[in-house]
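Undergrad: My structure is below; once you've seen it, I'll send some questions.
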Amino acid sequence: MNEQSIFDAYSPKDTSLLIPLLQDIQEEYGYLPEDQLEKVADHVGLPLSRVYGVVTFYNQFRLKPLGKYVIKVCRGTACHVKGSLEILRTIESELGIKAGDTTKDLLFSIETVACMGACSIAPVIVINGNYYGGLTPKSIHKLIKQCKERG
Amino acid sequence: MKEFLELYQSKEQGFTITPDMFVDIIHESPEVTLPPKTAQELREYTSQLTFEKLDKPAIIIGMGTCGLANGAQSVYDAFQEALKKGNIEAMLIPTGCVGYCAEEVIVDIKLPDYPRISYSKVTPKDVPTLIEKTLINHEPLREKVLGIYSQGEKNSWGDLPEISTIPFFKIQKKIVLENCGVIDPENIDQYLIKRGYEGLQRVLKTMTPEDIIASVIEAGLRGRGGGGFPTGQKWKFARQSSGDKKYLICNADEGDPGAFMDRALLEGDPHRVVEGMIIAAYAIGATEGFIYCRAEYPLAIKRLKKTLADAERYGFLGDNILNSGFSFKLKIKEGAGAFVCGEETALIHSIEGKRGMPRPRPPYPTTEGLWGKPTVINNVETFANIPVIIRNGATWYASIGTETSKGTKIFALSGKVKNVGLVEVPMGTTLRQIIFDVGGGIPEGRQFKAVQIGGPSGGALPESVIDTPIDYENLKEIGAMMGSGGLVVMDETTCMVDLAKFFMTFIMSESCGKCIPCREGTKRLYETLERLTQSYKNENDPEEALLRFQGMVYIERLANVITTTSLCGLGQTAANPILSTLRYFRDEYEAHLYERRCPAGVCKELLTYKINTDKCTGCTLCAIKCPAEAIVGERKKAHYILSDKCTRCGQCMMTCNFDAIYVE
């Protein structure tokens, strides 16, 4: 889908379409670039500040591009009692970034999610849509190494 | 499998069946007469749908999110390849989750004239053996058998147990989940054959909206999203509100960590939820509806899209539903990730394209909701109860459960319990039954310590109260709430102060920021807990110690202020994790505060790392790894940790190859 056809799918000046429109743009770019936000504001007929307010309110929206490998760490209750904080800290120290950030080489991003519903194999992480369960800090080390080798 | 409707709308058959007729036929209405040939073909088709009569084997694979997370896709691919290679004819059918997550990947095999047999923990490696033994030689692969579903077939598998008799399923009562993991959720005919859309047909043909509302009130159904407000009452208010347009919303924004009931329902039996919604829309007079679903549930959204398209094609949605004159349009709205959007007024703002912040009530959404119009918002599970209430009657439904809470409740059982999974039990079942009978108790011989019910807004309950029969009122009395139905079990290795801190972290970051008690109060509560668990660096700083005590002295007062002065449900329950753990596990707080130790050994910075001098070989690995240079010792001699330099990072423990490092 190109940029114009995203906008074409939404009738202009309808503020209720703001969130789906932003979702489609993020789907296309992987994040919400500033110039696109300006276009969105024009399209739905809201000041840019209001659009920014909505973007920063919801966890789903990102203002920075994502890395090639997106590591989602589940921080649900079941994962927590099975040690997901330790898993998160290990990933953070392995990659030298905090949750919500992307490495400088744009290879890795870390995100946390509230619950992925895969509680049976807690603690769980998802790397680019693939689930990895029953993790320990040691197995994390291996997983990240594999990703790095693949580049 | 080709759909029946598709078969009989083709011209070659010389006979066309309309969607309305089709529903009549499938539910055996006597008014419809068919040409004998068509009737015969229909019987054959429906017996295939129920797997009663098959001409080739059916392999049914549990492919909900939990199944997929356990590798169901690779099992599916392995079957596909093996069947192709062996030139074996069989149907591969993906289904939703049967609820027994601990045993995923679950594969059911139905052979003609044999009972359906269910295998657990199937891996791609097992596939060739399964095909050879079960499909070709008609023998069970005993070590993987979970159970069988008998329907009076000719042949038997020997002495294998019925699935309903194994402990995990024994005390469960599957009403809402009856089709999950049994039917193909993407095939509307499979839902129809299970008496699907029969309720809808009945209300459109024989009931007035008032009848439906009276029936739902009589059934005693209460909102399954957490609050427990009587559903029929809510509908009545909306029905009585004047307005040129009314809306209906399904709240599928299941943001509660540790809960996955709604996800499983939407993935496993989406038509049931949609049918419930159409009936509700007819009852309140809504013409437009939304399903507000979390974007984190991609599979549920994909299936919902197909469900809506199919329902429309069959005439259950859209204009003039089943020729009744009633029209209803249903759309999916993807949530963008905000826990507070589970609150109804916040959810409405989110659908309107605004920041999802709650507003004061009244006016309630039933008088002034979406775009200022009367709106009913119910949870996924609530809607899923409606078809069965209409079908089996309010009296039947009201006979299940307790005095104040009727029907069943689905719980997502997880944490330190053997049988993790989705459980549906009648109201009035005790937590002990769920955890020990269904859940199989605590693994690794550990002790039960607490169960968190109702997510971040609920509470942690100790063993002394788990014999309480579950209903809305009882749970409130013991300091928890029904919530959406997450049950996280904890053993003695869980620290309750750390758990409270975990929930406060969650609530603090999810507070929308609109009102001060919640926005600032939760942050102060979090800081108090943080000081209890993490201030080793300032151990000797008197001011820090003073703050630590001061925080604890005022923690209950602050918690009560947040509870009584916050605007929405999220804020009013924000302090519950602290209040309930203080009520039942005060000794743990005291150990953290006075003795500066964590009895469960979780709060790292209160631990002391030590080296067992008998085990240490002096390999120096830990000393090299230690970022704080806190480990000293000569090569080939036992090392020591300098406690005041140690930052409790745990690197040494992970590095040691001899298990010589331990914590106290």
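Each reported figure results from applying straightforward, stated rules to the coordinates on display, with no laboratory input. Computed from a predicted structure; not experimentally measured. Here the Cβ positions follow ideal geometry from the backbone for every residue, glycine too, while neighbour counts run over all protein chains shown.
Undergrad: Pick out, in residue order, every one of the trypsin sites (Lys or Arg not before Pro) in segment A:85-151 that is DSSP loop and has at most 13 other C-beta atoms within 10 Å; say none if there are none. Walk me through the numbers on the way to the answer.
TA: Values: sites: A:R89, A:K98, A:K104, A:K138, A:K142, A:K145, A:K148, A:R150; in loops: A:K98, A:K104.
Listed in order of number, the matching sites are A:K98, A:K104.
Undergrad: Once fully extended, how much extra length lies between B:N540 and B:S643, figured as 0.36 nm per residue of separation less the alpha-carbon to alpha-carbon distance? Let's see the in-between values first.
TA: On the way: separation 103, 0.36 × 103 = 37.08 nm, distance 1.36 nm.
Additional length available on full extension: 35.7 nm.
Undergrad: Separate question: Shape verdict for chain B, please, from the Cα gyration tensor: rounded (a/c under 1.5), prolate (a/b greater than b/c) or oblate. Spell out each step's value before the answer.
TA: Details: a/c = 2.45, a/b = 1.42, b/c = 1.73.
In terms of gyration-tensor shape, oblate.
Undergrad: Let's test the formula: R0 of 45 Å, r as the Cβ-Cβ distance of B:F229 and A:S49. What FRET efficiency results, to the nearest 0.05? Walk me through the intermediate numbers first.
TA: On the way: r = 37 Å, r/R0 = 0.81.
Using R0 = 45 Å, I get an efficiency of 0.75.
Undergrad: Between B:I166 and B:N87, what length in nm is gained on full extension when 0.36 nm per residue of separation is reduced by their alpha carbon distance?
TA: Numbers: separation 79, 0.36 × 79 = 28.44 nm, distance 3.51 nm.
Contour length minus the Cα-Cα distance gives 24.9 nm.
Undergrad: Sticking with this one: Could you give the longest part of chain B that holds none of the chymotrypsin sites (Phe, Trp or Tyr not before Pro) found in DSSP loops with at most 15 neighbouring Cβ atoms within 10 Å?
TA: Working: sites that count: B:F15, B:F658.
Longest run free of exposed loop sites: B:16-657.
Undergrad: For labels at B:Q151 and B:L621 in the simple 7 Å Cα→Cβ model, what's the distance in nm?
TA: 5.7 nm
Undergrad: Quick check on my link table: of B:K205/B:K331; B:K110/B:K154; A:K72/A:K142; B:K302/B:K331; A:K64/A:K104, which ones sit more than 18 Å apart, alpha carbon to alpha carbon? Walk me through the numbers on the way to the answer.
TA: Values: B:K205/B:K331 25 Å; B:K110/B:K154 13 Å; A:K72/A:K142 16 Å; B:K302/B:K331 13 Å; A:K64/A:K104 12 Å.
Listed pairs above 18 Å: B:K205/B:K331.
Undergrad: Here's something else I'd like to know. Per residue of segment A:53-69, in order, report the coupling 6.51 cos²θ - 1.76 cosθ + 1.60 (Karplus, θ = phi - 60°) as ³J(HN,Hα) in whole Hz, putting x for Gly and Pro.
TA: Residue by residue, segment A:53-69 yields x, 5, 4, 7, 6, 8, 5, 5, 7, 10, 9, 10, x, 9, x, 5, 9 Hz.
Undergrad: Okay, moving on. What FRET efficiency comes out for the pair A:E149/B:R524, r = Cβ-Cβ distance, R0 = 45 Å, nearest 0.05? Present the calculation step by step, with values, prior to reporting the outcome.
TA: On the way: r = 46 Å, r/R0 = 1.02.
Calculated transfer efficiency: 0.45.
Undergrad: Further, regarding this structure: Take the alpha carbon gyration tensor of segment B:447-565, find the square roots of its eigenvalues, order them as a ≥ b ≥ c, and report rounded if a/c is under 1.5; if not, report prolate when a/b exceeds b/c, else oblate.
TA: oblate
Undergrad: Another question about this same structure. If each DSSP helix of 4+ residues adds -39,500 (n - 2.57) and the sum is divided by the residues in chain B, what number results at 222 nm, nearest 500 deg cm²/dmol?
TA: Values: 26 runs with 246 residues, N = 664.
Roughly -10500 deg cm²/dmol at 222 nm, from the helical runs in chain B.
Undergrad: How much length would be gained if the chain were fully extended between B:K205 and B:R446, taking 0.36 nm per residue of separation minus their Cα-Cα distance, in nm to one decimal? Please report the intermediate quantities before stating the final value.
TA: Details: separation 241, 0.36 × 241 = 86.76 nm, distance 5.67 nm.
Length gained between B:K205 and B:R446: 81.1 nm.
Undergrad: As an exercise, identify the trypsin sites (Lys or Arg not before Pro) in segment B:237-344 lying in DSSP coil whose Cβ has no more than 14 other Cβ atoms within 10 Å.
TA: Details: sites: B:R239, B:K245, B:K246, B:R263, B:R272, B:R294, B:K302, B:R303, B:K305, B:K306, B:R313, B:K329, B:K331, B:K333; in loops: B:K245, B:K246.
Here the trypsin sites (Lys or Arg not before Pro) that fit, given the DSSP loop and packing criteria, are B:K245.
Undergrad: Have a look at A:G76, A:G53, A:G67 and tell me which one the Gaussian network model of chain A (Cα, springs below 10 Å) gives the largest fluctuation.
TA: Looking only at A:G76, A:G53, A:G67, the biggest GNM fluctuation is shown by A:G53.
Undergrad: With r as the distance between the Cβ atoms of A:S93 and B:D659 and R0 = 35 Å, compute the FRET efficiency 1/(1 + (r/R0)^6) and round to 0.05. Before the final figure, lay out the partial values.
TA: Working: r = 22 Å, r/R0 = 0.63.
So the FRET efficiency works out to roughly 0.95.
Undergrad: Follow-up. Obtain the nm distance between the two label points defined at B:R361 and B:L34 by a simple spin-label model: each point lies 7 Å from its Cα along the Cα-to-C-beta direction.
TA: Those two pseudo-labels are separated by 4.6 nm.
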